[in-house]
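Have a look at the structure below before the remarks.
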Amino acid sequence: MIMRNGIYQLPLGMRDILPGEAGIRRGVETAILELFSAHGYGYIATPILEYLDTFCGFDDRICSEIYKLVDREGAILALRPEITASVARMAANKLTGEALPLRLCYSGPVFRYEEPQAGRLREFCQVGTELIGCAGPSADAEIIALAVETMRSAGLHKYSLGLGNLEFINALVEESGLTDAERDMLKGDLSARNLVSFRQQLGSSGVSPREREIFEELHTMCGGREVIARAEKLTHSPRGKAALAYLDQVFVLLDALGVAEHVLIDLSIVRDLDYYTGVVFEGYVQELGSPLCGGGRYDRLLDKFGKSMPATGFALGLDRLMLALGHQGVQLEEPGVDLLIASDAAHRPAAAELARQKRQSGQRVLLDLEAVDQVTALARAADRGIEETIWLGDSGDCA
């Protein structure tokens with residue numbers, strides 16, 4: 001262990017969550033999971049520790065950020081860097097007899113060996129949903145609307161969601177003749193919002209000046225439904241036209257679901273995981289420089305685990321959500337103790353029985369084991385902000 005200034009240190013990117021904050025986080029997390037349940041999503045849990053291959057093979061970047069270890073049999077294991085791949089493995093191997101589509105939700109810690117940033121350290125919590133076995137705009141709209149509803153129900157005052165389609169970008173790449181390596185670098189710059197590097201990569205590629213202009217226009221393709229009409233002028237391929245038409249159908253459904261006012265079309269979104277295949281989206285608040293949540297369609301991920309099924313989903317970073325709520329001045333409090341019960345030594349059994357009865361009736365009760373008299377009991381309750389006190393002792397009951 002490392003000690004600094006008399007305090008034992010944690011590894012970089014890890015932190016303790018203390019009483020008060022931990023209870024508030026748990027309350028927010030529980031409320032989100034209850035929202036998912038109300039939409040028909042069943043809770044599942046996957047292991048924190050899996051075989052490394054579960055997460056590699058579709059994204060070299062995230063594979064480089066994984067915490068790896070070797071077990072005593074020589075197998076290479078990994079602390080999960082995200083949860084969607086684990087859910088896909090479970091669905092492809094253990095839920096094949098279930099009626100489709102599968103609606104699954106989860107919550108838990110994930111680990112990435114990356115530079116710690118605001119609202120996301122090297123260990124952080126993801127809460128999310130996956131809709132597996134259903135293709136088409138209606139499924140995408142359901143997941144996107146649920147992401148918007150999650151941000152709203154958590155208590156955020158101002159938030160928005162950017163919506164794009166990777167198929168449109170893939171169509172532009174196909175038309176331009178970019179190499180796979182050039183495509184991957186450009187997507188990486190788009191994901192990182194690195195416009196300087198993006199332009200440099202375009203300049204060193206073999207694309208024509210007009211094609212360079214088209215790619216640079218991606219950063220301006222953000223707004224309402226009219227962006228789709230503007231983007232149609234950038235592509236001549238059936239693939240690009242189909243991607244935009246699909247996106248328009250999703251937007252129309254989001255309008256019908258009552259969440260379109262929070263959604264912006266943003267055709268520069270690519271996400272930071274390479275298994276996405278179509279519609280992608282990210283949720284934002286102005287107070288944070290990184291997405292609060294994100295997701296999209298990943299129709300080929302389950303192929304990796306031996307079962308071909310369309311799928312879409314999203315995950316929200318609980319740590320970033322808590323940070324955003326604080327920045328927006330949302331006041332959250334952990335439910336306190338309703339009642340303190342204390343007694344002298346002779347009345348300890350009666351006090352314990354009374355505490356049990358009160359808890360069964362729904363009250364939150366602290367059974368004080370140390371108070372020696374009524375005055376001490378009242379003082380200890382006041383120190384803890386507990387408004388009601390019961391003392392059982394020779395001096396009589398009091399409240």
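The values are calculated or read from the model by the stated rules, or taken from the named source; none is laboratory data. Treat the numbers as computed from the prediction; the structure is a model and nothing was measured. Methodologically, a virtual Cβ is constructed for each residue, glycine included, from the backbone with ideal geometry; neighbour enumeration extends over all protein chains shown. For accessibility, only protein heavy atoms count, side chains too; no ligands or nucleic acids. Shrake-Rupley method; radii C 1.70, N 1.55, O 1.52, S 1.80 Å.
In whole Hz, what ³J(HN,Hα) sequence does segment 373-387 give by Karplus (6.51, -1.76, 1.60; θ = phi - 60°), x for Gly and Pro?
For segment 373-387, the Karplus curve yields 7, 4, 4, 4, 4, 5, 5, 5, 5, 4, 4, 9, x, 8, 7 Hz.
Not counting ligands, DNA or RNA, and with a 1.4 Å probe, what is PHE124's accessible surface area in Å² rounded to the nearest 10?
10
In the chain, carbon and sulfur make up what percent of the accessible area (probe 1.4 Å)?
Carbon-and-sulfur percentage of accessible area, whole number: 52.
Probe 1.4 Å, all protein chains in place: accessible area of VAL280 in Å², nearest 10?
For VAL280, solvent-accessible area is about 0 Å².
Amide H neighbours of ASN165 under 5 Å, counting only residues 5+ apart in sequence or on other chains, H built in-plane at 1.01 Å?
Residues meeting the amide H criterion: VAL280.
According to the square roots a ≥ b ≥ c of the eigenvalues of the Cα gyration tensor, what is the shape class of segment 247-322, taking rounded for a/c under 1.5, prolate for a/b larger than b/c otherwise, and oblate for the remainder?
oblate
Report the one residue of TYR8, TYR51, VAL87 whose Cα lies farthest in the direction of the positive end of the charge dipole of the chain (charges on C-beta: Lys and Arg +1, Asp and Glu -1; origin at the Cα centre).
Checked the options; the winner is TYR51.
Treating the angle as unsigned and between 0 and 90°, give the value, to the nearest 10°, between the Cα long axis of helix 84-94 and the longest Cα principal axis of the chain.
The angle comes out near 90 degrees.
Roughly what angle does helix 21-38 make with the longest principal axis of the chain, taking Cα atoms, 0 to 90 degrees, to the nearest 10?
60
Quote the Stokes-Einstein diffusion coefficient, in whole µm² s⁻¹, for the chain, based on the Kirkwood radius over alpha carbon pairs, a temperature of 37 °C and a viscosity of 0.692 mPa s.
The diffusion coefficient I find is 136 µm²/s.
With the other protein chains left in place, how much accessible area per residue, in square angstrom, belongs to the chain at a 1.4 angstrom probe?
On a per-residue basis, 49 Å².
Sorting check: for 341-353, 199-211, which peptide has the highest mean count of neighbouring beta carbons within 10 Å, and how do the rest follow?
341-353, 199-211
Counting only DSSP beta bridges with both residues in the chain, tell me the antiparallel percent, nearest 5.
75
Mind ranking 63-73, 154-164 by how tightly packed they are, going by the mean number of other C-beta atoms within 10 angstrom, highest first?
Averaged packing, sorted descending, gives the order 154-164, 63-73.
Which ³J(HN,Hα) values, rounded to whole Hz and listed in residue order, are derived for segment 243-249 from phi using the Karplus coefficients 6.51, -1.76 and 1.60 in 6.51 cos²θ - 1.76 cosθ + 1.60 with θ = phi - 60°, glycine and proline given as x?
Per residue, the Karplus-derived 3J(HN,Hα) values read 5, 5, 5, 4, 4, 5, 4 Hz.
With angles folded into 0 to 90 degrees, how steeply does helix 195-204 sit against the dominant principal axis of the chain? Use alpha carbons for both and round to 10.
30
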